[in-house]
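Asker: Provided herewith is a single structure, encoded as structure tokens, for subsequent inquiry.
The values are calculated or read from the model by the stated rules, or taken from the named source; none is laboratory data. Bear in mind the structure is a predicted one, so any value in this text is a computation, not a measurement. Quick reminder, even Gly has a Cβ in these numbers, built from the backbone with ideal geometry, and neighbours come from all protein chains shown. Remember, those area values only see protein heavy atoms, side chains included, never the ligands or the DNA or RNA. Shrake-Rupley method; radii C 1.70, N 1.55, O 1.52, S 1.80 Å.
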Amino acid sequence: QVQLVESGGGLVQPGGSLRLSCAASISTFVLYSMAWYRQAPGKQRELVASCTSGGTTDYADSAEGRFTISRDNRKNTVDLQMTSLKPEDTAVYYCKARPYFNRGTHYWGQGTQVTVSS
């Protein structure tokens, strides 16, 4: 069973930084593509950043230049470093795993709340 647990969320002032972490209970972590999504109240869940097994990254326009996704294939973790946070970044952030051997399957964490407010 694949399990994902996010941590690091909280309340931060505009312009501040947070580092989210996702711990993946996956036996063959290297066979999964990882990503961070977020969902704000009344909004659709949206992709924030993704990272392949080999370390290739992609970012949403809203995150480009401010957020950095990284993974450690030895620790089975994927992090999202967020800087220059804005109130519009407020959302529940979710970690997602997709196996290369079954791309129709997606595994999600429980989410962690990020609130950007003064």
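Asker: Kindly indicate whether any position in region 41-55 is of a type outside the set (Asp, Glu), in contact (Cβ under 8 Å) with a residue 24 or more places away in the chain and touching a Cys at 6+ places or on another chain (Cβ under 9 Å).
Answerer: Scanning region 41-55, I find no residue that is of a type outside the set (Asp, Glu), in contact (Cβ under 8 Å) with a residue 24 or more places away in the chain and touching a Cys at 6+ places or on another chain (Cβ under 9 Å), so the answer is no.
Asker: Which of the residues that make up region 25-45 are part of a loop (DSSP other than H, G, I, E, B), open to solvent by 70 Å² or more (accessible area, probe 1.4 Å) and not small (Gly, Ala, Ser)?
Answerer: At the first step, the residues of region 25-45 found to be part of a loop (DSSP other than H, G, I, E, B) are 26-28, 40-45.
With the extra rule that they be open to solvent by 70 Å² or more (accessible area, probe 1.4 Å), the set shrinks to 27, 41-45.
41, 43, 44, 45 - these are the residues of region 25-45 that are part of a loop (DSSP other than H, G, I, E, B), open to solvent by 70 Å² or more (accessible area, probe 1.4 Å) and not small (Gly, Ala, Ser).
Asker: Of the conditions (1) surrounded by 14 or more Cβ atoms within 10 Å (Cβ to Cβ); (2) at pLDDT below 95; (3) of a type outside the set (Asp, Glu), residue 85 clears all except one; give me its number.
Answerer: Failing condition for residue 85: (2).
Asker: Sticking with this one: I want to confirm something. Restricting to region 93-115 and keeping residues that are part of a strand (DSSP E or B) and open to solvent by 40 Å² or more (accessible area, probe 1.4 Å), which single residue is farthest from residue 12 (Cα to Cα)?
Answerer: First pass over region 93-115, keeping only residues part of a strand (DSSP E or B): 93-99, 107-108, 112-115.
Narrowing further to those that are open to solvent by 40 Å² or more (accessible area, probe 1.4 Å): 98, 107-108, 113, 115.
On the way: 98: 30, 107: 28, 108: 24, 113: 11, 115: 6 Å.
Within region 93-115, the match that is farthest from residue 12 (Cα to Cα) is 98.
Asker: Given the structure, is residue 65 modelled with pLDDT of 95 or more, of a type outside the set (Val, Ile, Thr), assigned to a loop (DSSP other than H, G, I, E, B) and open to solvent by less than 50 Å² (accessible area, probe 1.4 Å)? Give the steps one after another, and end with the answer.
Answerer: Values: modelled with pLDDT of 95 or more: yes; of a type outside the set (Val, Ile, Thr): yes; assigned to a loop (DSSP other than H, G, I, E, B): yes; open to solvent by less than 50 Å² (accessible area, probe 1.4 Å): no.
No; evaluated as a whole, the condition is false for this residue.
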